[in-house]
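Reviewing the structure listed below.
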């Protein structure tokens, strides 16, 4: 199986469950519960891939602090190959307010890595050389890695998240990526963009309305499946990891999208970035349930 390198996207977050998002007025908010855990898109993708047996390495930036230590301990405990550089200003941290009824998220970034954080580029280049596919995070410091990816002609998968079709910040990532992934949440004109951007594959998710893919003139639509929602963090990362796994296994695009749909659905039932019981066998069992008509679509 192909080797995957995930570049960027690891943090240590506080997750706070609320009935409603706080209004922008002075107030006291009563939270049902909270917990702290590893977060962000790179951690979610690499963890999901690792649980499906894909050879994967995650490179991230963490601080020489307690939160960085907690991240390292988590990666070791879960068997994730984690290579990191140290940000002297500290580990990336978010506070996420999670609306219990809908799974919607309001994120407050407490700290993000600096664009000029010192990176061991020689070590990162060696990781690139050893990989076949690279998930490139859209963090500012990750832009500096694009020349290395192009030098070694690695296939670049780039998750644009809630791209709106307008912000110039994304242009360099879009230009160099082979595969684009994003949400239609802020992009009603997503189909025209998908058709015209000239990529090997473009995938757009629509939350409870499923997902759309476009490749070589072919449109593929899949519905979302109904799973009990505990926490939506990591759902998109699991979906995209599932699509990659499906394609690496030689499945059709439709089949790969279905695999991703199951993984995203399983993720929302967990308070972590992935379903803690995720395995290849569990995913295949869920796909059989879908084929048998035992899964309800949203």
* Asked: For the stretch 148-225, what is the convex hull volume of its Cα atoms per residue in Å³?
  -> 92 Å³
* With an 8 Å cut-off on Cα pairs and a minimum separation of 6 or more residues, tell me the relative contact order of the stretch 169-254 in percent. => 19 percent
* Calculated over the stretch 108-151: convex hull of Cα atoms, volume per residue (Å³) -> 84 Å³
* Taking a quarter of the surface of the Cα convex hull of the stretch 1-57, what do you get in nm²? -> 5.6 nm²
* Dimensions (Å) - the stretch 217-298, Cα atoms, principal axes, largest first -> 37, 25, 24
* Structure fact -> Expected sort for 169, 141 with the fewest Cβ neighbours (10 Å cutoff) up front is 169, 141
* To do: Take the alpha carbon atoms of the stretch 47-129, find their radius of gyration, then divide it by 2.2 N^0.38 Å using N residues; give the quotient.
  => 1.27
* To do: Could you please state, rounded to a whole Å, how far the C-alpha centre of the stretch 170-203 is from the C-alpha centre of the stretch 37-57?
  => 23 Å
* **Using distinct alpha-carbon pairs, which all enter the 1/r mean, Kirkwood radius of the chain in Å** => 19.5 Å
* **Relative contact order of the chain, defined on C-alpha pairs under 8 angstrom at six or more residues apart (%)** => 16 percent
* Asked: For the stretch 1-124, what is the percent of antiparallel DSSP beta bridges, rounded to the nearest 5?
  -> 45 percent
* **Residue order, fewest to most beta carbons within 10 Å, for 158, 297** => 297, 158
* Asked: Given the options 92, 23, 73, which has the most mean-square fluctuation in a GNM of the chain, springs set between C-alpha atoms less than 10 angstrom apart?
  -> 23
* Asked: What's the Kirkwood radius of the stretch 45-196 in Å, using all Cα pairs?
  -> 17.2 Å
* Structure fact -> Share (percent) of C-alpha pair distances in the stretch 199-265 greater than 20 Å works out to 20 percent
* Order by neighbour count: 94, 59, fewest other Cβ atoms within 10 Å first, most last. => 94, 59
* Taking the stretch 204-298 and dividing mean pair separation by its residue count, relative contact order in percent (alpha carbons under 8 Å, at least six apart) -> 29 percent
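Since every read-out is calculated from the coordinates, none of them should be taken as a lab result. These numbers were taken from a predicted model, which means no experiment stands behind them. Cβ atoms come from the backbone with ideal geometry, glycine included; neighbour counts cover every protein chain shown.
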